[in-house]
């Protein structure tokens, strides 16, 4: 039986690209997110392309611990043996000094980016231990390595994701379970559109006149971690476009030509 991958935030961006990548490599994918219509469309696409038992979609909000537990415990029997957990759901809201972030923005970033990772891992890892196999992959960020103006809260949450990844590996020391973080740099997805509350013009400036990573590039990095020999644990894979040398150092225009 093909391995099962459980993906949060699967409805768009890195999550949907990873789902397509896994499906193309013969994995079966559980697709979760809050956007049910997008999930169903992706489920249909993957099942048509790769076979009727390739994808299973279920709506889930990672910020609701009880819902996470109910969804995972309620998976159909032939979808319960999760081999790979991809904790992908995450977001940034606004770009202002931390004391200007609203309480709602702070709570949402902490709830999704930190608590969501913990809630899902808490629900999935015990089953991996029972089965004696598994791999947890958390999506971090270059923002988990430095801090930039206007991104204090988001950067803090991504620093936490890296700490949670390292700590979980220690918690699982001596077990067969692998734990990795994949930390992308500038990646052209809906990330900035969400950050700037649907302001497409402002979001487009983030990726203008340069060569950002694609969601597919990050999916390839995720697959590298999964397909490494069983004796190998990739603790973290930090992946950036060649034009980027730091969170705020991105070559543009003439400097980005040929890159």
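Length gained on full extension, residue 197 to residue 131, computed as 0.36 nm times the residue gap minus the Cα-Cα distance: 19.5 nm.
Can you tell me the orientation of helix 13-24 relative to the chain, as the angle in degrees between its alpha-carbon axis and the longest Cα principal axis, to the nearest 10? It is inclined by approximately 40 degrees. Diffusion coefficient (Stokes-Einstein, Kirkwood radius over C-alpha pairs, 20 °C, 1.002 mPa s) for the stretch 109-259: 129 µm²/s, rounded to a whole number. Between the Cα long axis of helix 36-50 and the first principal axis of the chain there is an angle of about 60°, rounded to the nearest 10. Kirkwood radius for the stretch 64-164, taken over all pairs of different Cα atoms as the inverse mean of 1/r, rounds to 14.7 Å.
Want the number for residue 35 to residue 147: 0.36 nm per residue separation, take away the alpha-carbon distance, what's left?
Details: separation 112, 0.36 × 112 = 40.32 nm, distance 3.01 nm.
Stretched out fully, the residue 35 to residue 147 stretch lengthens by 37.3 nm.
The distance between label points at residue 102 and residue 209 comes to 3.2 nm (points 7 Å beyond Cα on the Cα→Cβ vector).
Which of rounded, prolate or oblate describes the stretch 1-100 when judged by the alpha-carbon gyration tensor and an a/c cut-off of 1.5? Intermediate results must be reported in sequence, preceding the final value.
On the way: a/c = 2.21, a/b = 1.60, b/c = 1.38.
Since a/c reaches 1.5 and a/b is larger than b/c, the shape of the stretch 1-100 is classed as prolate.
Each peptide in 90-102, 137-149 receives the mean, over its residues, of other Cβ atoms within 10 Å, and ordering these scores from highest gives 137-149, 90-102. Set the Förster radius R0 to 22 Å, insert the Cβ-Cβ distance between residue 175 and residue 2 as r into 1/(1 + (r/R0)^6), and round the FRET efficiency to 0.05. E(calc), rounded to 0.05, equals 0.45. For the chain, modelled as a GNM whose springs connect Cα atoms under 10 angstrom apart, the maximal fluctuation among 105, 130, 236 occurs at 130.
Across the stretch 4-256, the mean sequence separation of Cα contacts (distance under 8 Å, 6 or more residues apart), normalised by length, yields a relative contact order of 19 percent. Extents of the stretch 194-259, largest first, come to 45, 30, 18 Å (Cα atoms, principal axes, whole angstrom).
Using the number of other C-beta atoms within 10 angstrom as an exposure proxy, rank 252, 38, 28 with the fewest first.
Ascending Cβ contact count within 10 Å gives the list 252, 38, 28.
Between 0 and 90 degrees, the angle of helix 215-227 with respect to the longest Cα principal axis of the chain falls at about 40 degrees.
Computed from the coordinates by the stated procedures, all read-outs in this text should not be read as laboratory data. Since this is a predicted model, take the numbers as computed values, not measurements. Positions of Cβ are generated from backbone atoms using ideal geometry, with glycine treated the same way; all protein chains shown enter the neighbour counts.
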